[in-house]
Amino acid sequence: MQLRRDLIVGAAITALAIAMIIATQGFPRIRAMPYGPDLFPRIIAGGLILSAIGIVIEGLRSLRAGAAEAGAPPAPRVTLGAFAFVAVAALVAGFALLLPLLGFHLAAALVLLCAVPIFGGSLLLAVFMAAVVPFALHYVFYSLMRVVLPWGVLTPYAW
Amino acid sequence: MTRKMTHTLLRGVAAAALATASTAAYAQTCDWTPDRAVTYVVPWGAGGGTDANSRMLATMLEQKWGVPFNVVNRTGGNGVTGHSAISNAAPDGYTVGAVTVEINTMHWVGLTDMTHENIAPIALIDIVPASVLVGHDSPFETLEDLMAHARANPGELTASGTSLGGIWHLALAGMLNAEGMDPEAIRWIPSQGAAPAMQELIAGGVDIATPALSEGRALVEAGEIRALAYMHDSPMEALPDVPVTSEVLESGWTLAAYITISGPEGLPDEISCAYEQAVNEITQSAEWAEFKASRGADVVFMGREELTEFMVAQDTALGETIQAIGLAE
Amino acid sequence: MDMFAILATVLSPKILGTIFLCTLYGSFVGAMPGLTATMAVALLVPFTWFMDPVQAAAAIVATTTTAIFAGDISGAILKIPGTPASAAYVEDSYRLSQSGKSRSTLFAALFASVCGGVIGVLILALATPLLANLSRSFSSDEVFWLATLGLSCAVLVGGPSVPRNFASLLIGLAIATIGIDVAVGHPRFTFGNLELYDGVSFIPAMIGMFALSELLRNAALGHQTKLVKLTVEPLGEALATATRRFGQLWKNVLRSASGGTVIGALPGAGADVAAWIAYAVSRRFSRNPEAYGKGHLEGIVDGGAANNAAVAGAWTPALVFGIPGDSVTAIAIGVLMMKGLTPGPDIFNSDATLVYTIFGAFLMANILMLFAGGLVVTLATQVLRVPRAILMPLILLLAMIGGFAITGSTLAIWIILALGLLASAMLWAKIPLAPAILGIVLGRIVEDNFMVSMMKARGDLTQFFARDTAAVLGALTLIIWALLLYRALRSFLDATTPHK
């Protein structure tokens, strides 16, 4: 199990490093110097590849040492958890998209309406929080601390 | 070209005195006032000169109109992010911002297509001339010494003050170019702003720094660094002994950054006129004068018309400089 | 200079009252995700117009110091560190508060911050000219070496696996390369997004890596943790525990506070680097190095003392050269100049009484922080009693609003999401997060100063040792790196060689 994970990790890091090196191809140079903005990304990419090799070696080593662990218990079922994971990530993306359109109050209420049930709260609680919390945050961030929160569709009603 | 620039500038300063008279002419359409919070976009970081001037102005506008003026620092892209935010906002008077001299340089170096035509200038509130500074143990006593050395030993001296192609870089390279020298006779070492550049200067990391003289004033007064020149046509009140380049240089080169309050493209006349009038009143107040004096700066003001003319002139002049020193895209 | 006049001013009700109000304000702002010391001070400026110079300086200092401390509170309770400085030990403080020790941990952190701040101010009052001379010798060469030295902390703040620590550090450094490069101004890895030109800002990055990954993990655990109730210690017991534990660690506080002040006084470094180095040094010399990162108080005390001491140290370049080390001191200088006080080497002669009165006010600010900080800790820890179904959605919303507040742009929320997912992947891969944050914080400093030095020296590497201070720092850094690499390599080879 661990070896497979280490191989995936090593491959992912190596892929990232190679992508970085390829992306630095077109970078300009500092006049009269053999390198430029590409120097650091390349050093970092080189280091990443080395550490990827290290991680894979560690995995191979654990394979030899840990043959006894072969009968480890199977991974727990995570179907529900995986759904919640994706849902929370989607909420963040949704908030980023909707914030400028709907404005802060509606977007925040929407996030709470969805997030409370995801984290195990009742629908009633969700509605209550969606109704109250945005105004509290509005007060602290907008009124008190002068953070410019977008009004979106509510602009005509802004205060 | 620089002559023309400073000419426009002087006219603008003089206009401050006459402005009260001129605003009366369109007073009948100037009664717009905001009835909710206004966003004031600053394209540069908190603590800098643009931020300080804009926050001061925002606070005084807030007192005047009784609605909050919320300052937001939208930094990034050497000014592109904040300027775009001002330019692209709804032209309803509820978003204004601090458009700075970079509106006349960014498009020349290929950072953006946006020019001064994509914003609505309201008023100029600060003029920030560059300087030539050296360490207190530098062998150069005058700008002439320095230029002569750089002419004889191109590439030996280093200077700093801001990023590559930033306004203080243009100040140095433009000066060298105007004096008929290679713009790279003094090598530019980029920095993340004026403060790190001054640190380099006192640590002996670079030979010269060319930021705003107001930025270096404390160090000059303390004797840590020497100001060889002020890139302006009249001496700074706080440091009257620093020679001005319009006199000591043959080319009469001068260069100043500027800070304005501007709105998005297409801002209705009625609104920008109301702002212009309000800012004009504020810049004439004692509070504003005291604030300016504490920063070693003079009170300046230009209304919409003068400012627009000024920006056009600046754009041409800075464009020529950028092309001459080979930074144009 | 008149001692009594100074005392009379500092202890006047007006100054004490100002300081007290500002410590409350600072603790509130610092404990709120996304509200920073810089924002707090910027909002304070209009009020300082009506104050005399000492009162204005006292207000700014009291706000800053408490805001920096209060960053620990949101770190411990919400896993949202208020500043990159608190990030060094957020894993420890969060785990401790999850295990019901939030109050004793935060009280100990408060004591450490107060002592760190007091020691910092004392050093500042006694040795500013010395610190100024050190700071004067710092060009890009020295800053590069100092930051590189800071990077070596990665080995000490990570987990047991050497390649994984390095991978984490390098991932952080890779993230730090995003944005315009200093040398030629070329945008790297920005995908045409102008707002990325400035790079990934720290606060959204930390919120994503720590808070969002924790929220995602919690969500993925499903409802099985719903019934787990977090406990909060009774106040008296927490205070007693904190006092006792803190009493055992006074040597750490002395060491970290003095080191923190010096690092804070150096250009380009500041409180962030100070906290990371203090944490790493603490682990190196601790009797229980293996407990670090798993909920150990010692590192929190060291890091907390160092970062508040560094806040005091940061005033050295500002007062003596008028060169602000960060935005807070930049705003502060502006305010002091409006009050007719011009920073400069002569400030200790020309305005001696005023300067020492300001130092006195600094000192009082750090002491009064004990009350405001204590109050906020007591109240804020109540949050942990709130049921998960309410707390988690609130943290989610606060995290996103907080990120947005920093830059005023939705890009911050996308950064939170991207780094939250990256951190989740790293956790799955058993790669520690702390070295990555260190990489994000230090990457730019290391690269910018390296490039600037190379441009000055026209590519001549020997120039990195041409200046006295740089040569010493460089030699030290190279020796430490060589030792660390040797040890890392050896332990890695030992671990990978099969048992006989």
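Numbers at a glance
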{"item": "Candidates B:Leu176, B:Leu61, B:Leu111: whichever shows maximal mean-square fluctuation once chain B is modelled as a Gaussian network with Cα springs under 10 Å", "result": "B:Leu111"}
{"item": "Value of Rg/Rh across the stretch B:211-329 [Cα atoms, Kirkwood radius]", "result": "1.02"}
{"item": "Spin-label pair C:Leu483/A:Leu7, simplified geometry with 7 Å Cα→Cβ offset, distance in nm", "result": "4.1 nm"}
{"item": "Over the stretch A:79-157: Kirkwood hydrodynamic radius from C-alpha pairwise inverse distances, Å", "result": "13.3 Å"}
{"item": "Pairs of alpha carbons in the protein assembly as shown whose separation is greater than 45 Å (percent)", "result": "29 percent"}
{"item": "Within chain A, longest stretch clear of exposed trypsin sites (Lys or Arg not before Pro) (DSSP loop, no more than 16 other Cβ within 10 Å)", "result": "A:78-159"}
{"item": "Label-point separation in nm, A:Trp159 to A:Ile53, each point 7 Å along Cα→Cβ", "result": "6.6 nm"}
{"item": "Violating pairs (Cα-Cα greater than 21 angstrom) within the set C:Lys101/C:Lys430; C:Lys101/C:Lys294; B:Lys64/C:Lys14", "result": "C:Lys101/C:Lys430; B:Lys64/C:Lys14"}
{"item": "The stretch C:427-442 versus the stretch C:450-483: alpha-carbon centroid distance in Å", "result": "26 Å"}
{"item": "The protein assembly as shown: antiparallel DSSP beta bridges as a percent of all, rounded to 5", "result": "60 percent"}
{"item": "Spread of Cα-to-Cα distances over 10 Å intervals beginning at zero, given as percent, for chain A", "result": "9, 20, 17, 19, 25, 10, 1"}
{"item": "DSSP-loop chymotrypsin sites (Phe, Trp or Tyr not before Pro) across the stretch C:182-289, with at most 13 other Cβ within 10 angstrom", "result": "C:Phe191"}
{"item": "Antiparallel %, DSSP beta bridges [both residues in chain B], to 5", "result": "60 percent"}
{"item": "GluC sites (Glu not before Pro) restricted to DSSP loop in the stretch B:70-165 with at most 13 other C-beta within 10 Å", "result": "B:Glu141, B:Glu156"}
{"item": "Volume of the Cα convex hull of the stretch B:269-329, divided per residue and given in Å³", "result": "122 Å³"}
{"item": "Nonlocal amide H pairs with B:Ala229, under 5 Å, H built at 1.01 Å", "result": "B:Val132"}
{"item": "The stretch A:102-122 versus the stretch C:67-108: alpha-carbon centroid distance in Å", "result": "26 Å"}
{"item": "Exposure proxy ranking, count of Cβ atoms within 10 Å, fewest first, for A:Ile55, C:Ile119", "result": "C:Ile119, A:Ile55"}
{"item": "Volume per residue of the C-alpha convex hull in chain C, rounded to whole Å³", "result": "159 Å³"}
{"item": "Mean Kyte hydropathy of 0.5 or more with a Cα span along the axis of at least 18 Å, helices from DSSP in chain C", "result": "C:13-31, C:53-78, C:102-136, C:162-176, C:270-285, C:297-313, C:352-380, C:388-407, C:411-428, C:434-456, C:468-496"}
{"item": "Interchain or long-range residues, amide H under 5 Å from B:Val72's placed H", "result": "B:Tyr40, B:Val41, B:Val42"}
{"item": "5 Å-binned pair-distance histogram of the stretch B:131-248 (Cα, whole percent)", "result": "2, 13, 25, 27, 22, 10, 1"}
{"item": "C:Lys430 paired with A:Ala93, simple spin-label distance in nm, labels 7 Å along Cα-to-beta-carbon", "result": "3.0 nm"}
{"item": "Phi to ³J(HN,Hα) by Karplus 6.51 cos²θ - 1.76 cosθ + 1.60 over the stretch B:183-200, Hz, x for Gly, Pro", "result": "x, 9, 4, 10, 6, 8, 9, x, 9, 8, x, 6, 4, x, 5, 5, 4, 4"}
{"item": "Exposure proxy order (Cβ contacts within 10 Å, fewest to most) of C:Lys294, C:Lys79", "result": "C:Lys294, C:Lys79"}
{"item": "Rg/Rg_globular for the stretch C:206-339, with Rg_globular taken as 2.2 N^0.38 Å and Rg from C-alpha atoms", "result": "1.36"}
{"item": "Other-chain or far-sequence residues with amide H under 5 Å of B:Met302's (modelled H)", "result": "B:Leu124"}
{"item": "Virtual paramagnetic centre 7 Å along Cα→Cβ of A:Ile43, amide N under 18 Å, in the stretch C:136-167", "result": "C:139-155, C:166-167"}
{"item": "Part-to-part distance (alpha-carbon centres) for the stretch B:116-148 and the stretch B:159-215, which is given in Å", "result": "9 Å"}
{"item": "Longest to shortest principal axis, alpha-carbon extents of chain B, angstrom", "result": "61, 40, 32"}
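Values in this text are rule-based calculations from the coordinates and carry no lab data. All values derive from a computational prediction rather than experimental measurement. Quick reminder, even Gly has a Cβ in these numbers, built from the backbone with ideal geometry, and neighbours come from all protein chains shown.
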